[in-house]
Amino acid sequence: MGRTRGGRSIPATNQVPSRVVGSQGRLWASVLFDFGGTLDADGIPWKERFFRLYQGEGLALSSQRFARAFYAADDALVGTIPATLPFRETVAILVGRVTHALGVGDPRLVGRIATRFVDEARDRLSANVPLLDHLSRRYRLGIVSNFYGNLGAVCHEVGLSPFLTAVVDSARVGCTKPDPRIFRLALATLRTGPARAVFVGDSLQRDMAGARDVGMAHIWLAPGPSRGEGPCCPGDPVVATFEGLRELLL
């Protein structure tokens, strides 16, 4: 999702034991999440997931060429779609624009990629619902996402809304992560100060640095082998899967 939404996920290094968060967790009142790459995948951004699907269709694409096409299509979609547009249709429009930007004229390919992406995302979202249910009994939960303007409808459609007190969509509020304003809007909705909240996300630049800059604790969702980069702050908790939050927060 955009230059502000679909960036690279940097895998975990220096994993922090759960006890580091355990004592703090009792002090937190709210947990905020990123959406794309966090709730709908175990730390893998949209751009990387789409690239894999296009490669699976046999297209010979460099990562640089794909990134240019993806970002152009993604940025152009922000704020241009109805607030009620469903998830599948949102993804289909994005895939259609990416495919067009790549110069590929196969509408069946668009349908296949969009269907696979949505099915995988919905499977992961459904798998995360039990943990969100448990968390919602202890914390006020919210989402802060650089999205297209229809995040509220998407959350309702995929079954997340019953657990959420705040849904902040960048296209609706006029600022994007890591701008501190978008985090403060979510905290105000949750009626929680930054010292009483923790942010969970997959992006160092948007999620971790943004939360840090407003004084929030942050947990990095970062799967895969080390690429030589660690968390944004010394001692930050790191989890390789969304399910890893259970041990840290419950």
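The table that follows gives values for the structure above.
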| read-out | value |
| --- | --- |
| Among (1) farther than 18 Å from G37 by Cβ; (2) in contact (Cβ under 8 Å) with a residue 60 or more places away in the chain, the one test that A240 misses | (1) |
| Inter-residue pairs, beta-carbon under 9 Å, first surrounded by 24 or more Cβ atoms within 10 Å (Cβ to Cβ) and part of a helix (DSSP H, G or I) and in the range 29-58, second modelled with pLDDT of 95 or more and among the aliphatic types (A, V, I, L, M), 6+ apart | K47/A67; F50/L94; F50/V95; F50/V98; F50/I113 |
| Test: residue in the range 94-108 that is at pLDDT 95 or above, within 23 Å of V173 (Cα to Cα) and in a helix (DSSP H, G or I) | yes |
| Counted residues, the range 59-87 - those being assigned to a helix (DSSP H, G or I) and buried (at least 17 other Cβ atoms within 10 Å of the Cβ) | 9 |
| Which listed residue, of G193, G215, G224, is modelled with pLDDT of 95 or more, among the small types (G, A, S) and at positive phi | G215 |
| Residue in the range 211-227 that is within 28 Å of A127 (Cα to Cα) and part of a helix (DSSP H, G or I) present | yes |
| Filter result (in contact (Cβ under 8 Å) with a residue 40 or more places away in the chain and touching a Ser or Thr at 6+ places or on another chain (Cβ under 7 Å)) within the range 166-202 | A166, S170, T176, K177, T189, L190, T192, R196, A197, V200, G201, D202 |
| Verdict on V158 being in contact (Cβ under 8 Å) with a residue 40 or more places away in the chain, in the same structural domain as G37 (by TED's automatic domain parsing), of a type in the set (V, I, T) and surrounded by fewer than 22 Cβ atoms within 10 Å (Cβ to Cβ) | yes |
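Residues checked against (1) surrounded by fewer than 23 Cβ atoms within 10 Å (Cβ to Cβ); (2) more than 18 Å from G230 (Cα to Cα):
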site: V168; (1), (2): no, yes
site: G174; (1), (2): yes, yes
site: P180; (1), (2): yes, yes
site: F183; (1), (2): no, yes
site: T189; (1), (2): yes, yes
site: F199; (1), (2): no, no
site: D202; (1), (2): no, no
site: A209; (1), (2): yes, no
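Okay, residues lined up against (1) over 24 Å from S126 (Cβ atoms); (2) not aromatic (F, W, Y):
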residue: S30; (1), (2): no, yes
residue: T38; (1), (2): no, yes
residue: W46; (1), (2): no, no
residue: F50; (1), (2): no, no
residue: S62; (1), (2): yes, yes
residue: Y71; (1), (2): yes, no
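The values are calculated or read from the model by the stated rules, or taken from the named source; none is laboratory data. No experiment lies behind these values; they were computed from the predicted model shown. Glycine also receives a Cβ, built like all others from the backbone with ideal geometry; neighbour counts cover every protein chain displayed.
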